[in-house]
Every structure is written in C-alpha cells, then in structure tokens.
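One structure is given here, and the rest of the page talks about it.
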C-alpha cells in the first residue's frame, strides 16, 4: 500500500513527484487508514488521533485532497440545506478504486464475499467510487452523504433542486430503509434509490453514469 504513492497505478498520478509533500510518511499512513475506513464518516480529529506526527486537521484535509486528485481516496461532504454546515462536516471516506481496499485483504474473493462486514463496506465503496468517477467535471451534479442523529443515507446526488438519496444494500435481505424515509421527510421533493439487494442490481447500476441515475429518478416529473 505504501508504494501506491510512488507508482502510477490504474491511471493515478505520482503525487510525490508532482507536489511538495512535507510528510510523505504521514500521507502514506493516511492512505492506509482512509482505505480501512472507506464507507464510514470519520472526523478529522479521529484520524488525527490515530496517526503519528499528524500535525493539524488542515494538513490532513490537504493531504486527503491530494489523494483524491490522484484517484485514490476522497472525503465526501455532508448534504445540508445550510451551506455553512457542509464545509464544517466530517468527511465520509471513500476509495476511488476498490483495489486500494482489497490489496491488503488476506485471502481469496470467496473469503471476502463471506466476510459480511467487509463485503458491505466494499459494495458501498464500489458504488461511491463509481458515482465519483462518473461525475462530469463541470460540477453540475454533486455527490455527498447525509446524516441526522441516528439516520444516515449512503449517498446523495444533487443538481439544483433535484435530489436522489441512494442506499446500498449488500445482504441477502433488503434490511432497514429508515434512513431513506427520514431523508425524504426532511426533503420531500427528493427521490429514493436502493442499489443492490431489493433494488437496482449492482451490475446494472455500474453500467450507467451518475447523471443517468439522477435523470432516471426524476423522469416524468
């Protein structure tokens, strides 16, 4: 994993040769830690507490931006009707290539498939990576997450007033959709989309770009 920063893998750029990084060992450690937390909302202070010589949270946020530019891992902002809360939110970490997660996983694909916790994070991260990698560079469509107390939505696609809340389900049963219900209660004009178990199959979802699912959800409205 540490060598990812000094190689060109899957179209990513060589960060250390293009950007002055004062603490390359810290950036490598952040990459490792962020891949472990992919699919989870983690505060910068929590990341800071688990990294040696982490410096301040501004440094971590900057390094995370560099890792995102390299196509490795990013931090999604929280969706909110109040713009000032977006910038103050803890990031939801998401790898931009699931190989970053699986490279350090011991065992075969079959072992991954039957590790329910890891499989769930892997599926959610794969959906997030697909959405992020298929967003148009013009920034018209945005991708965030949503959380309010005990309720959470995995991903929120937005463009203007159009919203689509996306929940990823990877188990044998669909499970609880309370997060989607709570989101629509807060944003009544939002559309809801389940990906995976009980919803759009993963292979079908991966065949279309982020903008397609935003348009599809709002088709006829």
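Is segment 207-216 home to any residue that is over 23 Å from residue 122 (Cα atoms), assigned by TED's automatic domain parsing to the domain that holds residue 149 and at pLDDT below 95?
yes
Yes or no: segment 168-176 includes at least one residue that is more than 24 Å from residue 98 (Cβ to Cβ), assigned by TED's automatic domain parsing to the domain that holds residue 211 and either part of a loop (DSSP other than H, G, I, E, B) or in contact (Cβ under 8 Å) with a residue 24 or more places away in the chain (or both).
Yes, some residue in segment 168-176 is more than 24 Å from residue 98 (Cβ to Cβ), assigned by TED's automatic domain parsing to the domain that holds residue 211 and either part of a loop (DSSP other than H, G, I, E, B) or in contact (Cβ under 8 Å) with a residue 24 or more places away in the chain (or both).
Can you tell me which of (1) touching a helix residue (DSSP H, G or I) at 6+ places or on another chain (Cβ under 8 Å); (2) in a strand (DSSP E or B); (3) more than 22 Å from residue 218 (Cβ to Cβ) is the one residue 146 doesn't meet?
(3)
What do you reckon, is residue 59 within 26 Å of residue 25 (Cα to Cα), surrounded by fewer than 21 Cβ atoms within 10 Å (Cβ to Cβ) and touching a helix residue (DSSP H, G or I) at 6+ places or on another chain (Cβ under 6 Å)? Working first, answer last.
Details: within 26 Å of residue 25 (Cα to Cα): yes; surrounded by fewer than 21 Cβ atoms within 10 Å (Cβ to Cβ): yes; touching a helix residue (DSSP H, G or I) at 6+ places or on another chain (Cβ under 6 Å): no.
So residue 59 does not fit the description; no.
Condition check ((1) closer than 23 Å to residue 69 by Cβ; (2) buried (at least 22 other Cβ atoms within 10 Å of the Cβ)) across all residues:
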{"residue": "99", "(1), (2)": "yes, no"}
{"residue": "109", "(1), (2)": "no, no"}
{"residue": "115", "(1), (2)": "no, no"}
{"residue": "118", "(1), (2)": "no, no"}
{"residue": "122", "(1), (2)": "no, no"}
{"residue": "126", "(1), (2)": "yes, yes"}
{"residue": "140", "(1), (2)": "yes, no"}
{"residue": "155", "(1), (2)": "yes, yes"}
{"residue": "158", "(1), (2)": "yes, no"}
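Restricting to segment 188-207, give me the number of residues that are in a loop (DSSP other than H, G, I, E, B), without any contact (Cβ under 8 Å) to a residue 60 or more places away in the chain and surrounded by fewer than 18 Cβ atoms within 10 Å (Cβ to Cβ).
Qualifying residue count, segment 188-207: 6.
Just to be sure before I move on: is residue 119 in a helix (DSSP H, G or I), touching a residue at least 24 places away in the same chain (Cβ under 8 Å) and outside the structural domain of residue 37 (by TED's automatic domain parsing) in the structure I sent?
It is true that residue 119 is in a helix (DSSP H, G or I), touching a residue at least 24 places away in the same chain (Cβ under 8 Å) and outside the structural domain of residue 37 (by TED's automatic domain parsing).
The values are calculated or read from the model by the stated rules, or taken from the named source; none is laboratory data. Since this is a predicted model, take the numbers as computed values, not measurements. Please note: Cβ atoms are built from the backbone with ideal geometry, for glycine as well, and neighbour counts cover all protein chains shown.
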